[in-house]
Amino acid sequence: MLTTSNVNGQSFGLLQTVTLDGRVDAEPLVALQQAIDGQGVHDVVYVATENNSVYALDAGDGSTLWQRNFGTPVPYQYKNFDDNVYPVMGILGTPVIDRTAGAMYVVADVYNGSVDAFQLHAISLSSGKDLGKAATIRFSAKLLDGTTWTFDPKYHLQRAGLLEANGGIYVSFGSNGDINPDISRGTIVRYDAATLKRLSGGITDRLGENASNYYLSSIWQSGYAPAADQAGDIYFSTGNSDPSRPTYSGSGNRPDSMIRVSGDLKKLRGSFTTYNYFQLDQVDADMGSGGMLVLPDQPGSIPHLAVAGGKDGRAFLLNRDHLGGYTQGGPDKVVQIVDMGSCWCGPAYFVGSDGGARVLTGGNQGITSWRLQTSPSAQLVFESSTGPGPVCAKTS
């Protein structure tokens, strides 16, 4: 664990440089005291690459304990030259580890020379071998006009991290750089963690094919995974939709929103869409660039809180039981709005040595620490920042 006492010039610094077979976009994962087949017990760093490889590395000396490759990655030219991820696309979303099951769940985008497919694997932490048959991700959904939309991997990226909750693995998708907005829609699919059988799924934009030619409302969150609360409900943010006209629909499309759905993905539990979402759509300043943080239960009149924000720099403190809905013309019905700076990031939470709860936000203003005050009302109180202080702190 990094602390203010051990992060210093004497005890903190580069240990090893390890050469891998491709670019790394997924977050590394750490498993302490992990048994490795035939090699004893190690502190292990698991790293996934865009070349569709997963490495198990010794955290001390950087040696490779095992390596697993899942197949040919996708040339970015095939994804219509999406230069957000290049020259190839493989494992983009951060895998998830289940120490009890001894498993890592990982999604690889595999190219067979003519088409690609997203494949969900459950592999052994000790060997990298498959624990069962991989699942090829397929999904379709009914639109509001009665037609059926079918997920096409060519027009999607699996950017958000994987989530394990409710005995399932949740896999989310967004567009490949908004290049094909007439095809791509935000998608989340749930698989049984034990069998990798598909259980359910949903899309964020259900507008019919004749209603618009620009969909999206992607789930990408700059790699931040969806969140789950103690009741098993799932939370995530969505990106922009049509910049040419407003397309918010209470029954069909929630762009630039924070969403709460049931664990089976079949029921909308709540949502918040900022009043100026269309202005954000027009300048590609969507909320989908930031992850949604579910805070532990707090004392006070609003025990169930969440924090989220995106490219335009606002961070929203939300009541999870009443996220805020959509208020045309504003003001947004949220607990508080503070300025954190443009965010391609996700917030964090910790309790300090003084017993005080804190939220960390990141943005172009640096990392900012906010003390979470719960009495007489819930609010974030600016504490310190690695960059300039907040421009404003608004309570609504």
Item checked: Given (1) surrounded by fewer than 18 Cβ atoms within 10 Å (Cβ to Cβ); (2) over 24 Å from the mean Cα position of the chain (by Cα), index of the condition Q34 fails -> (1)
Next item on the list: Give S244, S218, S251, S222 a once-over and let me know the one that is under 17 Å from L268 (Cβ atoms) and of a type in the set (S, T, N, Q).
Entry: S251
Checklist line | the stretch 37-74, subset among the acidic types (D, E) and in a strand (DSSP E or B), residue surrounded by the fewest Cβ atoms within 10 Å (Cβ to Cβ) | finding: D43
Checklist line | Among the candidates T187, T148, residue that is touching a strand residue (DSSP E or B) at 6+ places or on another chain (Cβ under 6 Å) and free of Cβ contacts under 8 Å to residues at least 24 places away in the same chain | finding: T148
Checklist line | Residue check for I188: over 18 Å from K267 (Cα atoms), surrounded by fewer than 24 Cβ atoms within 10 Å (Cβ to Cβ) and β-branched (V, I, T) | finding: no
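To keep it simple, each residue is scored yes or no on (1) in contact with a Leu (Cβ under 7 Å, 6 or more places away or on another chain); (2) at pLDDT below 95; (3) within 15 Å of V171 (Cβ to Cβ).
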position: F81; (1), (2), (3): no, yes, no
position: R99; (1), (2), (3): no, no, no
position: Y105; (1), (2), (3): yes, no, yes
position: A108; (1), (2), (3): no, no, yes
position: S114; (1), (2), (3): no, no, no
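Answer yes or no as to whether D312 is closer than 18 Å to I337 by Cα and either of a type in the set (D, E) or touching a helix residue (DSSP H, G or I) at 6+ places or on another chain (Cβ under 7 Å) (or both). Step through it out loud before you land on a result.
Working: closer than 18 Å to I337 by Cα: yes; either of a type in the set (D, E) or touching a helix residue (DSSP H, G or I) at 6+ places or on another chain (Cβ under 7 Å) (or both): yes.
So D312 fits the description; yes.
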Item checked: Residue that is nearest to A101 (Cα to Cα) [pool: residues in the stretch 20-35 that are part of a loop (DSSP other than H, G, I, E, B) and aliphatic (A, V, I, L, M)] -> A26
Notebook entry, point to check: In the stretch 342-382, how many are over 18 Å from K311 (Cβ atoms) and not basic (K, R)?
Noted result: 25
Checklist line | Count - residues of the stretch 1-31 that are closer than 18 Å to S127 by Cβ and without any contact (Cβ under 8 Å) to a residue 12 or more places away in the chain | finding: 0
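Look at T238 and say whether it is buried (at least 24 other Cβ atoms within 10 Å of the Cβ), out of contact with any strand residue (DSSP E or B) (no Cβ under 6 Å at 6 or more places or on another chain) and of a type in the set (S, T, Y). Working first, answer last.
Values: buried (at least 24 other Cβ atoms within 10 Å of the Cβ): yes; out of contact with any strand residue (DSSP E or B) (no Cβ under 6 Å at 6 or more places or on another chain): no; of a type in the set (S, T, Y): yes.
Answer is no for this residue.
Any residue at all in the stretch 219-231 that is of a type outside the set (D, E), free of Cβ contacts under 8 Å to residues at least 60 places away in the same chain and crowded, with 24+ Cβ neighbours inside 10 Å?
Looking only at the stretch 219-231, we keep the residues that are of a type outside the set (D, E), and these are 219-228, 230-231.
Filter once more, keeping what is free of Cβ contacts under 8 Å to residues at least 60 places away in the same chain: 231.
Adding the requirement that they be crowded, with 24+ Cβ neighbours inside 10 Å leaves none.
Among the residues of the stretch 219-231, not one is of a type outside the set (D, E), free of Cβ contacts under 8 Å to residues at least 60 places away in the same chain and crowded, with 24+ Cβ neighbours inside 10 Å, which makes the answer no.
Select from the stretch 273-301 the residues that are assigned to a loop (DSSP other than H, G, I, E, B), of a type in the set (A, V, I, L, M), surrounded by 15 or more Cβ atoms within 10 Å (Cβ to Cβ) and out of contact with any Asp or Glu (no Cβ under 8 Å at 6 or more places or on another chain) and list them in ascending order. Give the steps one after another, and end with the answer.
Of all residues in the stretch 273-301, those assigned to a loop (DSSP other than H, G, I, E, B) come to 274-276, 283-286, 290-291, 295-301.
Keeping just the survivors that are of a type in the set (A, V, I, L, M) gives 283, 285, 295.
Next, only the ones that are surrounded by 15 or more Cβ atoms within 10 Å (Cβ to Cβ) stay: 285, 295.
Selection gives L295 alone.
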Item checked: Those residues of the stretch 336-355 which are in a loop (DSSP other than H, G, I, E, B) and either surrounded by fewer than 21 Cβ atoms within 10 Å (Cβ to Cβ) or touching a Phe, Trp or Tyr at 6+ places or on another chain (Cβ under 6 Å) (or both), in sequence order -> S342, W344, G346, G352, S353, D354, G355
Notebook entry, point to check: Which members of the stretch 138-160 meet the condition of being in a loop (DSSP other than H, G, I, E, B) and either at pLDDT below 95 or surrounded by fewer than 23 Cβ atoms within 10 Å (Cβ to Cβ) (or both)?
Noted result: R138, F139, L143, L144, D145, G146, T147, F151, D152
Next item on the list: Look through the stretch 308-332, keep the residues that are closer than 16 Å to L380 by Cα and assigned to a loop (DSSP other than H, G, I, E, B), and return whichever of them is modelled with the lowest pLDDT.
Entry: G313
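The values are calculated or read from the model by the stated rules, or taken from the named source; none is laboratory data. What you see is a predicted model, and the numbers here were worked out from it, not measured in a lab. Backbone-built Cβ (ideal geometry, glycine too); neighbour counts: all protein chains shown.
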